[in-house]
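This report refers to the structure that appears directly beneath it.
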Amino acid sequence: MGFSMGLQTAVVFPGMGPSRTPETVAFMRDVPEARRLVAIADDVLGYRLLDRFQAAGDDYAEAVQVAFMVNSLALADWAHREYGIAPAACAGPSFGGRAAAVYSGALTAEEGIGLAALLARITSEYFSTEHTDVVTHSFVRVPADALRGILAELDERSEWYDVACVIDHDFTMLSLRESQVEWLQQRVRSLGGLSLYTMRPPMHSAAFAGLRERAEKAMTDLSFADPRLPVIDDHDGATLTTGEEVRTMLLDTFVRALRWPDVVAALSRMGVRGVCVCGQDALFGRVPVTRDNFKVLPVTPTLVARRMAAG
């Protein structure tokens, strides 16, 4: 891959996506790095993570969120063993920030697993009663000028919205009222764009300040160490070197937009030329802004299964 041959590298932990595959279950059960972290999770959670993961009926259930983080961390450990990955920095857009906090040393594995479970519960409880009519819709092939036109139309109609994520120059996630999704899909289509999916619960908006407050209160007794490895803030590309900065990043994920091009630019300025994307990712390692700037090594349970089958 060239990653262990002197290429300046960063580890990226992706945001959550579909993850319940046979390869993932086998990875959690059979691979030493995963088994170690699953055992820690079982002790922290008080239940068998793999069992709850397989039985979950919701892609964002607590056990699924914890398993996604555990697997991302285990994949990073596997990549270190298999490829000799020695990163100069790490980043964790959106949900991936929790794995980045552990990988960087700001939190222990036990603390990070407990925090992931806690935040999953708090988020579910919050959106069960707050902003129940809001979703986050993603779309591509709509560059910035055209997007400004869409937002201006929403402003003219006094419709609430917030930009949740800027993934690439023409790839945006927009939070808005669910009643406006069909209109947005039509406008995106009229501009030659492509709507992808609609997420519930929504994410990354200043309107969710109440959720941030609940999370901050729940994290009062959790101490963050200064990270051993710099963490790149997914909101603005800042380089974080203190525990308090990492803590703030995790809390701000509820209320600040994710801006992936800023992360790419920050890593490039550091001299990073390759990224090892550890986790099941259909987004951050695939978009042009990433591929145009870095060599990308996607480390997934499927890759591990292939390597193990090949001996």
Inset, instruction - Output the qualifying pairs, or none if there are none: Cβ atoms under 6 angstrom, residues six or more apart or on different chains, first residue in the stretch 154-179 and in a helix (DSSP H, G or I), second residue of a type in the set (Val, Ile, Thr) and modelled with pLDDT of 95 or more. - result: Glu178/Val135
Inset, instruction - With respect to Pro18, determine if the residue is in contact with a Ser or Thr (Cβ under 9 Å, 6 or more places away or on another chain), of a type outside the set (A, V, I, L, M, F, W, C) and closer than 30 Å to Arg259 by Cβ. - result: no
Legend entry - Residue check for Leu211: in contact with a helix residue (DSSP H, G or I) (Cβ under 8 Å, 6 or more places away or on another chain), aliphatic (A, V, I, L, M) and closer than 28 Å to Leu107 by Cβ: yes
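Please work out if Ala109 is buried (at least 23 other Cβ atoms within 10 Å of the Cβ) and more than 18 Å from Asp281 (Cα to Cα).
Numbers: buried (at least 23 other Cβ atoms within 10 Å of the Cβ): no; more than 18 Å from Asp281 (Cα to Cα): yes.
Spelling it out, it is not the case that Ala109 is buried (at least 23 other Cβ atoms within 10 Å of the Cβ) and more than 18 Å from Asp281 (Cα to Cα).
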Inset, instruction - Would you check if there is a residue in the stretch 102-116 being assigned by TED's automatic domain parsing to the domain that holds Arg273, in a loop (DSSP other than H, G, I, E, B), of a type outside the set (Phe, Trp, Tyr) and in contact with a strand residue (DSSP E or B) (Cβ under 8 Å, 6 or more places away or on another chain)? - result: yes
Inset, instruction - Consider Val25 carefully, then state whether it is of a type in the set (Val, Ile, Thr), surrounded by fewer than 18 Cβ atoms within 10 Å (Cβ to Cβ) and either assigned by TED's automatic domain parsing to the domain that holds Asp221 or modelled with pLDDT under 95 (or both). - result: yes
Inset, instruction - Please determine, by comparing only the residues of the stretch 155-166 that are surrounded by fewer than 22 Cβ atoms within 10 Å (Cβ to Cβ) and closer than 22 Å to Gly92 by Cβ, which one is nearest to the chain's Cα centre (by Cα). - result: Val166
Inset, instruction - Looking for whichever is modelled with pLDDT of 95 or more and of a type in the set (A, V, I, L, M) here; the options are Ala86, Ala61, Ala76, Ala56. Which one fits? - result: Ala76
Inset, instruction - Any chance you could count how many residues in the stretch 290-305 are in contact with a Cys (Cβ under 9 Å, 6 or more places away or on another chain) and either surrounded by fewer than 21 Cβ atoms within 10 Å (Cβ to Cβ) or part of a loop (DSSP other than H, G, I, E, B) (or both)? - result: 3
Inset, instruction - Under 9 Å between Cβ atoms, at least 6 apart or on separate chains: pull out the pairs that start in the stretch 299-311 with a residue that is under 22 Å from Gly274 (Cβ atoms) and end on any residue that is part of a helix (DSSP H, G or I) and β-branched (Val, Ile, Thr). - result: Thr300/Thr24; Pro301/Thr24; Pro301/Val25; Thr302/Thr24
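The values are calculated or read from the model by the stated rules, or taken from the named source; none is laboratory data. The shown structure was predicted, so the numbers you read here are calculated from the model rather than taken from an experiment. As a convention, Cβ positions derive from the backbone with ideal geometry for all residues, glycine included, and neighbour counts pool all protein chains shown.
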